[in-house]
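Working notes, structure below.
The values are calculated or read from the model by the stated rules, or taken from the named source; none is laboratory data. Bear in mind the structure is a predicted one, so any value in this text is a computation, not a measurement. When we count neighbours, we look across all protein chains shown, and the Cβ atoms used for this are built from the backbone with ideal geometry, even at glycine. Surface areas here come from the heavy atoms of the whole protein model, side chains and all, with no ligands, DNA or RNA. Shrake-Rupley method; radii C 1.70, N 1.55, O 1.52, S 1.80 Å.
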Amino acid sequence: MTARIGVVTFPGSLDDRDTQRAIRLAGAEPVALWHKDKDLHQVDAVVLPGGFSYGDYLRAGAISRFSPVMETVIEQAKAGLPVLGICNGFQVLTEAHLLPGAMLGNDHLHFICRDQKLRVENAETAWTGDYRAGQEIHIPLKNMDGRYVADAYMLDKLEAEGRVVFRYLDFNPNGSLRDIAGITNEAGNVVGLMPHPEHAVEPLIGTGRTDGLPFFTSILKKLVNA
């Protein structure tokens, strides 16, 4: 049976179709989920894609967090449903308190778009099993509000528990504390990151590499072997 991975579309989502394509390339079935529909249609995992949901009004992700679909996503994520938040999706996850901390405007106050070097810090989450700890990868990044912040206690807790999943290398593009590019929850089923793995799944596009594809093959293997 083919694994079904839902991709939520909010008003202002930009990368939902790209994410669906990445899921298809990995061998799973992408399922379009609408923000007003609480029904997740029996998907095995959910991706909150990048974009500028609701125009980033109030704060990035602050309005989307209250979309009807998020009520079910929050409930099922707490019960173990794998959830990946990419860029705006990461912002939504922090606003929904599925991940700790907050996303603020880039420290240089400008939108940034570049190929970003990352180091994989945790290869044991539901979404990173096809990487290895310490692996260096290149993933496209594009954001205006990508600066990850948390208080010192939470930052130390994330570090101590191995919950920093990705870290920026060579250049911190947005001022994120401790160069954090992505984190996970305690259970490892919810992951958020600012770079866009769905743009690095085919040699023809993005970085010209496929460093983002293991996100989607990782969850497929996790679901098949569950």
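The accessible-area ordering, largest first, of the residues Asp115, Asp211 stands as Asp115, Asp211, per a 1.4 angstrom probe.
Which of the trypsin sites (Lys or Arg not before Pro) across region 105-135 are loop residues per DSSP, with 16 or fewer other Cβ within 10 Å? The partial results should precede the final answer.
Working: sites: Arg114, Lys117, Arg119, Arg132; in loops: Arg132.
Here the sparse-neighbourhood loop sites are Arg132.
Taking loop as defined by DSSP and a crowding limit of 14 other beta carbons within 10 Å, which GluC sites (Glu not before Pro) in region 133-209 fit? Please report the intermediate quantities before stating the final value.
Working: sites: Glu136, Glu159, Glu161, Glu186, Glu198; in loops: Glu161, Glu186.
Filter output for region 133-209: Glu161, Glu186.
Rounded to whole numbers, the Karplus 3J(HN,Hα) couplings from phi for region 41-53 are 6, 6, 6, 9, 7, 9, 10, 9, x, x, x, 10, 4 Hz, using 6.51 cos²θ - 1.76 cosθ + 1.60 with θ = phi - 60°, and x at Gly and Pro. If the segment from Leu58 to His97 were pulled out straight at 0.36 nm per residue, it would be longer than the present Cα-Cα gap by 12.4 nm.
Of all beta bridges DSSP finds with both residues in region 4-225, what is the antiparallel percent, to the nearest 5? Display every interim value, and only then the final one.
Working: 21 of 37 bridges.
Around 55 percent of the beta bridges assigned by DSSP in region 4-225 are antiparallel ones.
Amide H contacts for Gly12 (H built 1.01 Å from N in the peptide plane; partners 5 or more residues away or on another chain; cut-off under 5 Å): Tyr54. Hydrophobic, long helices, defined as DSSP H runs whose alpha-carbon span along the helix axis is 30 Å or greater and whose mean Kyte-Doolittle value is at least -0.5, do not occur in the chain. With all protein chains kept in place, the per residue accessible area of region 118-226 amounts to 40 square angstrom at a probe of 1.4 angstrom. Would the chain count as rounded, prolate or oblate if I go by the C-alpha gyration tensor, calling it rounded below 1.5 in a/c and otherwise prolate when a/b exceeds b/c, oblate otherwise? Because its axes are fairly even, with a/c under 1.5, the chain counts as rounded.
Heavy-atom surface analysis with a 1.4 Å probe gives region 141-198 a carbon and sulfur content of 52 percent of its accessible area.
When the square roots of the Cα gyration tensor eigenvalues are ordered a ≥ b ≥ c, the ratio a/c for region 80-206 is under 1.5, which makes its shape rounded.
Can you give the FRET efficiency to the nearest 0.05 for Leu204 and His108, using r as the Cβ-Cβ distance and R₀ = 30 Å?
Values: r = 31 Å, r/R0 = 1.02.
After rounding to 0.05, the efficiency reads 0.45.
Report the number of Lys pairs in the chain whose alpha-carbons are under 22 Å apart, with separation of 8 or more residues or on distinct chains. Lysine pairs meeting both conditions in the chain amount to 6. Heavy-atom surface analysis with a 1.4 Å probe gives region 46-139 a carbon and sulfur content of 51 percent of its accessible area.
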